[in-house]
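Input: a single structure, listed below in C-alpha cells.
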Amino acid sequence: WEILQEGALGLLILVDNARPDPAADLIRFLDAYRDFIADSAVAVGITRMDLAPSPSRDTYVQALEGRGLRCPVFSVDARNEHDVSLLLQSLLYSLDPQAAIE
C-alpha cells in the first residue's frame with residue numbers, strides 16, 4: 001500500500017457500513033497508514049448507511065478519538081459527486097484550515 005502514499009497530500013478512507021465488521025475495517029486502514037496519517041490528514045466516509053445504519057457515525061468518531069485522531073467523518077453515497085466532493089474538501093480543509101477562510 002506504500003505506493004498509494006507517494007505524492008499524496010492526505011488520506012480518504014471509505015468504509016462500507018454493510019460489511020460484517022466495518023469498524024474493524026477502519027482500524028485496519030488506520031493501522032496500515034499510521035505513519036502517513038501522522039504526517040498528513042485523514043477524512044472518513046461511511047458508505048451504505050442506508051442499508052446498514054449500525055454502527056453509527058458516532059461509533060467511528062469514538063474509534064478515531066481513541067487513537068488520538070480528530071478528523072472529518074461523513075455518511076456518504078460514493079456514487080454521489082456532491083458527497084465525494086464534500087469529503088475531499090473536508091480533507092483539504094484539514095490540511096490547511098486557512099483555505100476554508102479564504
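The values are calculated or read from the model by the stated rules, or taken from the named source; none is laboratory data. A quick note: this is a predicted structure, and the numbers were derived from the prediction, not measured. Reconstructed Cβ throughout: ideal geometry from the backbone, glycine too, with neighbour counts over all protein chains shown. Accessible surface areas use protein heavy atoms only, side chains included; no ligands, DNA or RNA. Shrake-Rupley method; radii C 1.70, N 1.55, O 1.52, S 1.80 Å.
Quick notes on this structure:
- As a rough guide to protection, the peptides 86-92, 64-70 ranked by mean Cβ packing within 10 Å, highest first, stand as 86-92, 64-70.
- The apolar share of the surface of the chain, taken as the fraction of accessible area on carbon and sulfur atoms (1.4 Å probe, ligands and nucleic acids excluded), comes to 52 percent.
- Mean separation of Cα contacts under 8 Å (6+ apart) over length of segment 1-90, as relative contact order %: 31
- Dividing the helix sum by the residues of the chain, where each DSSP H run of 4 or more adds -39500 (n - 2.57), gives a mean residue ellipticity at 222 nm of -13500 deg cm²/dmol.
- Tensor-based shape of segment 1-48 (alpha-carbon gyration tensor, a/c under 1.5 rounded, otherwise prolate or oblate): prolate
- Each principal axis of the Cα cloud of the chain was taken in turn, and the coordinate range along them, longest first, works out to 36, 28, 25 Å.
- Using the Cβ-Cβ distance between Tyr93 and Ala32 with R0 = 25 Å, the FRET efficiency computed as 1/(1 + (r/R0)^6) comes to roughly 0.55.
- Each residue of segment 6-20 was assigned a 3J(HN,Hα) from its phi angle through the Karplus expression (A = 6.51, B = -1.76, C = 1.60, θ = phi - 60°), giving 4, x, 7, 8, x, 10, 9, 10, 9, 10, 7, 5, 8, 6, x Hz with x at Gly and Pro.
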